[in-house]
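Only one structure is covered here, and it is reproduced in the block below.
A short reminder: the numbers here are calculations on the coordinates, not readings from a lab. Because the structure is a prediction, the values reported are computed rather than measured. For neighbour counting, all protein chains shown are included, and Cβ atoms are generated from backbone atoms with ideal geometry for every residue, glycine included.
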C-alpha cells in the first residue's frame with residue numbers, strides 16, 4: 001500500500017507542477033501580445049493547465065494524507081502541518097491569480113469579435129502585477145512543499161539502540177490496529193530499532209494467534225524478523241528452553257535467551273512474558289548474516305505493549 005500511496009502522491013505533484021508551469025508560460029506569452037485575438041489564443045489554453053493543477057492538488061492532498069496515516073505519522077509532525085498550511089496558501093494564491101486570467105480571457109474573446117483592436121484595458125488586466133505575483137508565489141509555495149517532503153525538518157529520527165522511542169513511531173498505525181484487533185493478547189512491538197533497519201511488512205502467524213513483523217535493511221531486503229506468539233506449554237519459557245538456548249543475557253532488567261544455528265550462522269533472541277500457558281514469547285530473528293546480536297537483544301528487551 002505504501003508504494004501505491006506514494007505513486008499517486010508523486011503523480012499528483014507532477015500534475016501540480018506541470019499545470020502550474022503551463023499556466024505561467026501562457027500568461028507570460030499573453031502579456032507580450034497586442035491584439036485581443038492573440039491574447040485569447042494563449043489564455044484559452046490556460047484552463048487545461050488549471051485542470052492539471054486541480055487534479056494534482058486533489059491527488060497530492062488525498063494520497064499524501066493516506067500515506068501519512070499508513071506510515072503512522074498522522075498530522076503530528078510539524079513538517080506535515082507546515083506542508084498542509086502551504087498547500088492551502090498555494091491554492092488561495094493560485095485561485096486569485098487564475099480569476100484575473102479568466103476575466104482577461106473573456107474580455108479578449110469579446111474584443112476579438114468586435115474588431116480585434118488593441119485595448120489598454122485588456123493589456124492592464126493581463127499584465128496586472130498583483131494577480132501575476134500571486135501566481136508566482138503559489139508556484140514558489142509548491143516548491144517549498146517539496147522541500148518539506150524531502151527534508152522533513154523536525155521529523156522523527158530513526159531510533160537507535162540508545163534512543164527511547166514509542167512503538168507507535170516504529171510501526172504504522174494501521175498495523176498496530178490490525179494487531180490489536182486480531183491478537184490483543186500479543187500486541188507487543190519494539191520500541192528501539194537499530195539505525196540501519198526500518199519497517200517492511202506485517203503478517204499473522206501461528207494460526208492467527210500471533211504475528212510477525214519484518215524489518216528491512218538499506219538494501220531493501222528483510223534483515224530482522226520480530227515475532228510474538230503464545231506459548232504451547234508451561235515449560236517453553238524456561239531458561240534455557242529444553243537446552244536449545246546457547247546463552248542467556250540480561251538487558252533492560254530482563255533475561256534474554258539467544259540461539260545460534262551453527263549450520264546457517266543465523267541467530268535469534270527472545271524473552272517470555274507471563275507465566276505458564278498464558279505466556280507469550282517475543283522473538284527476534286536475524287534474516288541475514290552479519291546482524292549484530294545486540295540489535296536482536298534490543299528488539300526483545302525493549303519491546304512494549306501497544307496502547308488501545
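Note down the relative contact order for region 2-151 as a percent, whole number, built from C-alpha pairs under 8 angstrom at least six residues apart. Intermediate values should be presented prior to the final figure.
Numbers: 178 pairs, mean separation 48.9, N = 150.
Relative contact order for region 2-151 comes out at 33 percent.
If R0 is 35 Å, what FRET efficiency do you get for residue 219 and residue 58 from their C-beta distance, rounded to 0.05? It would help to have the intermediate numbers written out before the result.
Details: r = 35 Å, r/R0 = 1.01.
Rounded to the nearest 0.05, the efficiency is 0.50.
Could you give the nm distance between label points at residue 254 and residue 294, where each point is 7 Å from its Cα heading toward the beta carbon?
1.9
Rank the residues 205, 135 as a footprinting-exposure proxy: fewest other Cβ atoms within 10 Å of their Cβ go first. Write out the running numbers ahead of the final one.
Numbers: 205 17, 135 22.
Ordered from fewest to most neighbouring Cβ atoms within 10 Å, 205, 135 come out as 205, 135.
Can you give the FRET efficiency to the nearest 0.05 for residue 173 and residue 102, using r as the Cβ-Cβ distance and R₀ = 45 Å? Show your work: numbers first, answer last.
Details: r = 42 Å, r/R0 = 0.93.
For residue 173 and residue 102, the calculated efficiency is 0.60.
Roughly speaking, what is the centre-to-centre gap between region 22-49 and region 174-231 when only Cα atoms are used, to the nearest Å?
55
Name the shape class, rounded, prolate or oblate, that the alpha-carbon gyration tensor gives for region 2-151, where a ≥ b ≥ c are the square roots of its eigenvalues, rounded holds for a/c under 1.5, and otherwise prolate holds if a/b is larger than b/c and oblate otherwise. If you can, show how the numbers build up before the last one.
On the way: a/c = 3.64, a/b = 2.60, b/c = 1.40.
It comes out prolate by the Cα gyration axes.
Give the order of 285, 219 when sorted by the count of other beta carbons within 10 angstrom, beginning with the fewest. Mind showing how you got there, number by number?
Numbers: 285 20, 219 9.
Result, fewest neighbours first: 219, 285.
Where does each of 215, 306 land when they are ranked from fewest to most other beta-carbon atoms within 10 angstrom? Walk me through the intermediate numbers first.
Values: 215 24, 306 18.
Ascending number of Cβ neighbours within 10 Å: 306, 215.
Would you please give the FRET efficiency between residue 95 and residue 201, computed as 1/(1 + (r/R0)^6) with r the Cβ-Cβ distance and R0 = 41 Å, to the nearest 0.05? Show your work: numbers first, answer last.
Numbers: r = 41 Å, r/R0 = 1.00.
Calculated transfer efficiency: 0.50.
How far apart, in nm, are the 7 Å Cα→Cβ label points at residue 121 and residue 181?
6.1
According to a simple spin-label model (label point 7 Å from Cα along Cα-to-Cβ), what is the distance in nm between residue 25 and residue 143?
Between residue 143 and residue 25, the simple spin-label model gives 1.7 nm.
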